[in-house]
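The values are calculated or read from the model by the stated rules, or taken from the named source; none is laboratory data. Here the structure is a predicted model, which means the values were calculated and not measured. Cβ placement follows ideal geometry from the backbone for every residue including glycine, while neighbour counts extend to all protein chains displayed. Surface accessibility is based on the protein's heavy atoms, side chains included, excluding ligands, DNA and RNA. Shrake-Rupley method; radii C 1.70, N 1.55, O 1.52, S 1.80 Å.
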Amino acid sequence: MDGTTAALVSAVFFASFVEFVEAFTIVLAMGVTRGWRSAITGTVAALIALTAFTAVLGVAISTWLSESLLQLTIGTLLLIFGLQWLRKACLRASGLKALHDEDAEFAEQTEAAREADRTTYAGIDLFGFMVSFKGVFLEGVEVVFIVVTFGLSADALGMAVAGAVVAGVIVIALGVALRKPLSRIPENTLKYGVGVMLASFGTYWALEGVGYFRDGEESLHWPGGKVALIVLVAGWFAVTRLVIAGLGRSRTSAPTEAAA
């Protein structure tokens with residue numbers, strides 16, 4: 001495993017870990033308030049749907065797109081995901097957005113579950129089933145996109161899948177052992193780091209894929225090859241630190257300007 005593949009697998013692992021932590025909080029809330037049978041059934045149904053979605057997406061992308069168009073498409077998707085994660089991370093780090101709190105999310109989900117009407121079908125509470133299914137599926141879709149795009153672009157789909165599976169197993173093991181939301185996980189920090197990685201890899205592959213517009217097949221090549229990824233990671237990190245500093249100054253100066 002070279003350094004690029006190791007960085008890829010690490011990014012997939014931590015991205016999947018964060019998403020699984022958020023999905024676990026939802027399932028835990030439904031299991032505690034609406035019953036574990038409904039919560040687990042909804043989770044299993046979502047995992048089956050995600051498996052099918054992963055297979056279809058992987059085959060479609062790898063079969064229908066040329067190498068350069070594949071890189072352009074995947075790079076753009078990763079860049080979009082990365083910028084979304086970085087936007088939230090910058091807002092949270094600057095104090096303009098509240099930090100994500102799994103304990104607060106758990107309290108909100110359990111309160112909603114207690115107030116919802118109870119409707120059952122074949123012994124399954126429909127509210128608990130649907131909320132668990134939705135939570136796991138929506139969080140999982142982002143994991144699927146990251147796994148498939150990273151894996152196909154680096155020709156390491158198996159390792160990307162393995163990274164996501166290991167993350168899921170660890171989250172489940174921790175959740176079962178603790179039986180409470182995994183609020184001690186530095187989720188906000190992990191999201192920031194993953195956002196930098198997604199944006200860096202996305203930029204790298206998207207610009208390589210621009211070669212599609214030149215002749216439709218041949219990809220462009222970065223000076224220095226994969227070493228350019230190190231520069232991109234450093235560049236995105238520097239840009240986000242500047243953004244966080246600027247947002248922090250605007251937040252602290254706002255009351256003074258208003259008072260004046």
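Arg87 meets each of the listed conditions (1) closer than 30 Å to Leu242 by Cβ; (2) at pLDDT 90 or above; (3) surrounded by 17 or more Cβ atoms within 10 Å (Cβ to Cβ); (4) of a type outside the set (A, V, I, L, M, F, W, C) apart from (3).
Given the criteria of a type in the set (Asp, Glu), open to solvent by 60 Å² or more (accessible area, probe 1.4 Å) and assigned to a helix (DSSP H, G or I), does Asp117 qualify? Let's see the steps before the verdict.
Working: of a type in the set (Asp, Glu): yes; open to solvent by 60 Å² or more (accessible area, probe 1.4 Å): yes; assigned to a helix (DSSP H, G or I): no.
When the stated conditions are applied, Asp117 does not pass them.
In a residue-by-residue description of region 128-139, the property of being in contact with a Gly (Cβ under 9 Å, 6 or more places away or on another chain), open to solvent by 50 Å² or more (accessible area, probe 1.4 Å) and among the polar types (S, T, N, Q) applies to no position. Among all positions in region 171-193, there is no residue which is without any contact (Cβ under 8 Å) to a residue 60 or more places away in the chain, under 17 Å from Leu50 (Cα atoms) and more than 13 Å from the chain's Cα centre (by Cα). Filtering region 31-43 to residues that are open to solvent by 70 Å² or more (accessible area, probe 1.4 Å) and of a type in the set (Val, Ile, Thr) leaves Val32, Ile40. From the list Leu69, Leu126, which one is modelled with pLDDT under 90 and not polar (S, T, N, Q)? The match here is Leu69. Residues in region 161-177 include at least one that is in contact with a Gly (Cβ under 7 Å, 6 or more places away or on another chain) and open to solvent by 20 Å² or more (accessible area, probe 1.4 Å). I'd like to check something: does region 33-45 contain any residue that is modelled with pLDDT under 95, of a type outside the set (A, V, I, L, M, F, W, C), closer than 30 Å to Val227 by Cβ and in a helix (DSSP H, G or I)? Looking through region 33-45, none of the residues is modelled with pLDDT under 95, of a type outside the set (A, V, I, L, M, F, W, C), closer than 30 Å to Val227 by Cβ and in a helix (DSSP H, G or I).
Thr110 passes every criterion in (1) over 16 Å from the mean Cα position of the chain (by Cα); (2) among the β-branched types (Val, Ile, Thr); (3) within 30 Å of Gly209 (Cβ to Cβ) apart from (3).
In region 203-245, what residues are acidic (Asp, Glu) and open to solvent by 30 Å² or more (accessible area, probe 1.4 Å)? It would help to see each step written out before you state the result.
Filtering region 203-245 for residues acidic (Asp, Glu) gives 208, 215, 217-218.
Within region 203-245, Asp215, Glu217, Glu218 meet the criteria.
Looking across region 145-170, the residues that are among the small types (Gly, Ala, Ser) and under 16 Å from the mean Cα position of the chain (by Cα) come down to Gly151, Ala160, Ala162, Gly163, Ala164, Ala167, Gly168. For region 178-197, the candidate set comprises residues that are open to solvent by 60 Å² or more (accessible area, probe 1.4 Å) and either in contact with a Gly (Cβ under 9 Å, 6 or more places away or on another chain) or among the charged types (D, E, K, R) (or both); within that set, the residue that is nearest to Ala6 (Cα to Cα) is Arg184.
Of the residues that make up region 99-110, is at least one touching a Gly at 6+ places or on another chain (Cβ under 9 Å), of a type outside the set (S, T, N, Q) and either crowded, with 20+ Cβ neighbours inside 10 Å or without any contact (Cβ under 8 Å) to a residue 60 or more places away in the chain (or both)? Lay out the reasoning, then the answer.
Of all residues in region 99-110, those touching a Gly at 6+ places or on another chain (Cβ under 9 Å) come to 109.
Still in the list and also of a type outside the set (S, T, N, Q): none.
Within region 99-110, not a single residue is touching a Gly at 6+ places or on another chain (Cβ under 9 Å), of a type outside the set (S, T, N, Q) and either crowded, with 20+ Cβ neighbours inside 10 Å or without any contact (Cβ under 8 Å) to a residue 60 or more places away in the chain (or both).
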